[in-house]
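The values are calculated or read from the model by the stated rules, or taken from the named source; none is laboratory data. What you are looking at is a predicted structure, and each value in this text was computed from that prediction instead of being measured. Every residue, glycine as well, gets a Cβ built from its backbone with ideal geometry; the counts of neighbours run over all protein chains shown. Just the protein is used for accessible areas: all its heavy atoms, side chains included, with ligands, DNA and RNA removed. Shrake-Rupley method; radii C 1.70, N 1.55, O 1.52, S 1.80 Å.
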Amino acid sequence: MAESSSAAAESSSAAMSLEEKKKKFNDKFRALHQKRQEARKQNHEQVVEEDRKSKLPVNYEAKKARQEWELEEIEAKKKAEEEGQDYTRLKSLNTQADIADKIEAARKRKKNPDQGFADYEQMSLRQHQRLTNAMKPDMSGYKKMREFVGEEQFYPSADTLIQGSHYPTSSALDRMSEAANGMAKSREQYHRRRMFDPDAPIDYINEKNRKFNQKLDKYYGKYTEDLRDDIERGTAI
């Protein structure tokens with residue numbers, strides 16, 4: 001009797017363990033199937049998104065980023081105006097000095113880009129544009145001169161005789177002198193020929209050695225200056 005009851009208990013426990021294993025297997029299979037369905041859905045969404053992007057223009061992302069940046073600029077400028085602050089000053093405070101210099105240099109290059117040497121006519125035109133952009137007209141002096149010489153002499157026609165009617169001011173002469181001196185100085189700096197200094201010490205044996213010594217002095221001269229002075233005085237250890 002006891003043996004039959006123990007056998008029945010073992011059979012029932014075995015049946016329960018099989019049911020539990022089957023249930024765990026089904027749950028695991030159902031979870032795997034659900035993950036597979038989610039992966040298929042995500043893969044389909046990514047394929048649709050890639051197909052949508054492939055049909056867009058090449059510069060779409062850059063154009064979108066540009067539009068977002070412009071929108072942020074407009075909102076920040078509007079906020080600064082509402083608070084009564086200068087937006088340009090606020091933007092400069094949040095910009096690094098080296099980045100600001102690069103932006104300013106790029107802006108200047110964009111206004112007057114250097115396309116390289118084409119001919120002397122283009123070079124002269126480029127210089128003319130640079131000089132005219134650097135000019136700062138004196139409107140008060142302009143009005144005074146117009147009142148002094150009169151409308152007829154100040155705005156001459158084909159029949160007007162201009163003789164000694166223009167008297168340049170001292171400030172205009174000073175500006176012309178400064179401009180001429182600046183142009184002469186720039187020509188000296190960009191001249192290809194280098195002036196020979198007869199008083200410079202001769203510490204080379206040929207031209208190649210002279211250039212090599214100049215490079216050494218350029219990079220290491222400030223570190224060896226004291227040592228060279230001691231050697232010349234004879235006090236080096």
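Can you tell me the length gained on complete extension of the stretch ASN94 to GLN129, counting 0.36 nm per residue apart and subtracting the Cα distance? Write down the numbers at each step before the final one.
On the way: separation 35, 0.36 × 35 = 12.60 nm, distance 3.31 nm.
Net length gain for the segment: 9.3 nm.
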Cα convex hull volume per residue for the range 65-113, in Å³, equals 96 Å³
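Sort SER171, SER92 by heavy-atom solvent-accessible area, probe 1.4 angstrom, most to least. Before the final figure, lay out each step's value.
Details: SER171 50, SER92 75 Å².
The ordering from most to least exposed comes out as SER92, SER171.
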Within the range 24-84, DSSP-loop trypsin sites (Lys or Arg not before Pro) with at most 10 other C-beta atoms within 10 Å are LYS55
Under the 7 Å Cα-to-Cβ spin-label approximation, ALA180 and GLU38 lie apart by a distance in nanometres of 8.4 nm
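Run the accessible area of the range 16-161 with a 1.4 Å probe and give the carbon-and-sulfur part as a rounded percent.
Working: 7540 of 14060 Å².
Answer for the range 16-161 is 54 percent, counting heavy atoms of protein chains only.
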Given a 1.4 Å probe, the accessible area of the range 63-163 per residue, as a whole number of Å², is 94 Å²
Set LYS41/LYS64; LYS79/LYS110; LYS77/LYS144, cut-off 31 Å on Cα-Cα distance; pairs above it are LYS77/LYS144
Taking the convex hull of the alpha-carbon atoms of the range 40-142 and averaging its shadow over every direction gives an area in square nanometres of 14.4 nm²
For the pair ASN209 and LYS222, the simple spin-label estimate (label points 7 Å beyond Cα toward Cβ) gives in nm 2.9 nm
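When the chain is fully extended, how far beyond the present Cα-Cα distance does VAL58 get from GLU82, taking 0.36 nm per residue of separation?
Values: separation 24, 0.36 × 24 = 8.64 nm, distance 3.80 nm.
Length gained between VAL58 and GLU82: 4.8 nm.
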